[in-house]
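Okay, here's the structure, questions in a sec.
The values are calculated or read from the model by the stated rules, or taken from the named source; none is laboratory data. Values in this document were obtained by computation on a predicted structure and should not be read as measured data. Because the Cβ atoms are built from the backbone with ideal geometry, glycine has one as well, and the counts that use them run over all protein chains shown.
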Amino acid sequence: MVPTMGALHAGHRSLIDRAVAENERVVVTIFVNPAQFGPHEDFARYPRTLDADLAMLAAAGVHAAFVPSVETMYPPDGVTGLSISGPLGERLEAASRPGHFNGVALVVTKLLVAGIPDRAYFGQKDAQQCAIVRHLARDLNTGVEIVVCPTVRDPDGLAISSRNVYLSAAERARALAIPSSLALALARFDAGERDATSLATIVRSHLDKAGLDIDYVAVVKADDFSEAETAAPTNQIVLAARIGSTRLIDVVRLGVDTAPVGRGV
Ligand code: AMP
């Protein structure tokens, strides 16, 4: 199973291609999940491109698409919810988007129950979500193997996101400070810097200089998203920043990822 919110792009495609290569049957789910959007977030204007999405799934050799309605996923008399506790459910993305991960957890659980897949595929780009889904799959004894796939980037280094369509050309150019800030920090880590605060400061000052509105920058342990004081391989630098009204997130894995800069950038 490959759960998505549609508006499919090359990032989704990489998950789908991997799932098709590794499994006999693949179902892709397309559902813009209202429960994971805050009251002032972009649920209503989130891009919806169902015809193009279904054409992509057919071309990719996917066996089924599951495109449920809101009423199917959320019966109006529903009383059941899920909550994520500890740093994963409280820090960073969870702090900035109250209720978001409870909504993600609920819909992922519903989708896993509906499909009972052997494996479910998620993108590393949504790093905190991946960590939560890995825990959820274990905590609820689902027996589902969670497969995390690397972040796919545009040639200029920007992580591909359905929300990139909101960016004007000028905003998109400024957004490149995100991958270049992470590339700088990765280079410092590779050169021996192990002070997590210093690495975060490199990222912050680069984003500041580009005039981006920083939500958070942190060096975290991959499993539980607690703060790493001394940076170590497999720790992740996670960030969220606003460019105009668009909020973007990105992540690199120390000692694992190569620098997220585009050819010629
Ligand atoms: P979404 O439709 O945004 O909910 O994303 C569906 C899945 O695709 C999630 O597991 C995302 O992490 C993953 N995904 C989104 N963008 C990318 C990307 N650029 N590279 C890899 N995976 C991605």
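So which pairs qualify, if the first residue must be in region 149-165 and farther than 17 Å from residue 6 by Cα and part of a strand (DSSP E or B), the second must be of a type outside the set (Val, Ile, Thr) and within 9 Å of the ligand (Cβ to nearest atom), the Cβ gap must be under 8 Å, and the two must be at least 6 apart or on different chains?
Partner pairs satisfying both residue conditions: 149/14; 149/15; 149/121; 149/122; 149/123; 149/124; 153/159.
Being within 15 Å of residue 124 (Cβ to Cβ) and either out of contact with any Gly (no Cβ under 9 Å at 6 or more places or on another chain) or surrounded by fewer than 21 Cβ atoms within 10 Å (Cβ to Cβ) (or both) narrows it down to one of 214, 202, 249, so name that one. Break it down into steps so the answer makes sense when it comes.
Details: 214 fails: within 15 Å of residue 124 (Cβ to Cβ); 202 fails: within 15 Å of residue 124 (Cβ to Cβ).
After applying the criteria, what remains is 249.
May I pose another question? Only one residue in 146, 178 is of a type in the set (Val, Ile, Thr), touching a strand residue (DSSP E or B) at 6+ places or on another chain (Cβ under 7 Å), in a helix (DSSP H, G or I) and in contact (Cβ under 8 Å) with a residue 12 or more places away in the chain. Which one? Working first, answer last.
Values: 146 fails: in a helix (DSSP H, G or I).
Testing whether each residue is of a type in the set (Val, Ile, Thr), touching a strand residue (DSSP E or B) at 6+ places or on another chain (Cβ under 7 Å), in a helix (DSSP H, G or I) and in contact (Cβ under 8 Å) with a residue 12 or more places away in the chain leaves just 178.
OK, next. Can you name every residue in region 1-57 that is part of a helix (DSSP H, G or I) and either within 8 Å of the ligand (Cβ to nearest atom) or at pLDDT below 95 (or both)? Give the steps one after another, and end with the answer.
Residues of region 1-57 that are part of a helix (DSSP H, G or I), as a first pass: 10-22, 34-36, 50-57.
10, 11, 12, 14, 15, listed by residue number.
Scan region 81-98 and give yes if some residue there is among the acidic types (Asp, Glu), more than 14 Å from residue 35 (Cβ to Cβ) and within 16 Å of the chain's Cα centre (by Cα), otherwise no.
Within region 81-98, one or more residues are among the acidic types (Asp, Glu), more than 14 Å from residue 35 (Cβ to Cβ) and within 16 Å of the chain's Cα centre (by Cα).
Follow-up question, since we're still on this one. Inside region 84-129, counting only helices (runs of 4 or more DSSP H) that do not spill past its ends, which hold 1 or more residues that are in contact with a helix residue (DSSP H, G or I) (Cβ under 8 Å, 6 or more places away or on another chain) and within 11 Å of the ligand (Cβ to nearest atom)?
Details: elements: 87-90, 93-96, 100-115.
Where helices (runs of 4 or more DSSP H) fall fully within region 84-129 and carry at least 1 residues being in contact with a helix residue (DSSP H, G or I) (Cβ under 8 Å, 6 or more places away or on another chain) and within 11 Å of the ligand (Cβ to nearest atom), they are 100-115.
Here is a check on your reading of the model: is residue 206 away from the ligand (no atom under 12 Å from the Cβ), within 23 Å of residue 94 (Cβ to Cβ), not in a loop (DSSP other than H, G, I, E, B) and not aliphatic (A, V, I, L, M)?
Details: away from the ligand (no atom under 12 Å from the Cβ): yes; within 23 Å of residue 94 (Cβ to Cβ): no; not in a loop (DSSP other than H, G, I, E, B): yes; not aliphatic (A, V, I, L, M): yes.
So residue 206 fails the test.
Right, residue 222: in a loop (DSSP other than H, G, I, E, B), under 19 Å from residue 193 (Cα atoms) and under 14 Å from the mean Cα position of the chain (by Cα) or not? Quick ask: steps written out before the conclusion?
Details: in a loop (DSSP other than H, G, I, E, B): yes; under 19 Å from residue 193 (Cα atoms): yes; under 14 Å from the mean Cα position of the chain (by Cα): yes.
So residue 222 fits the description; yes.
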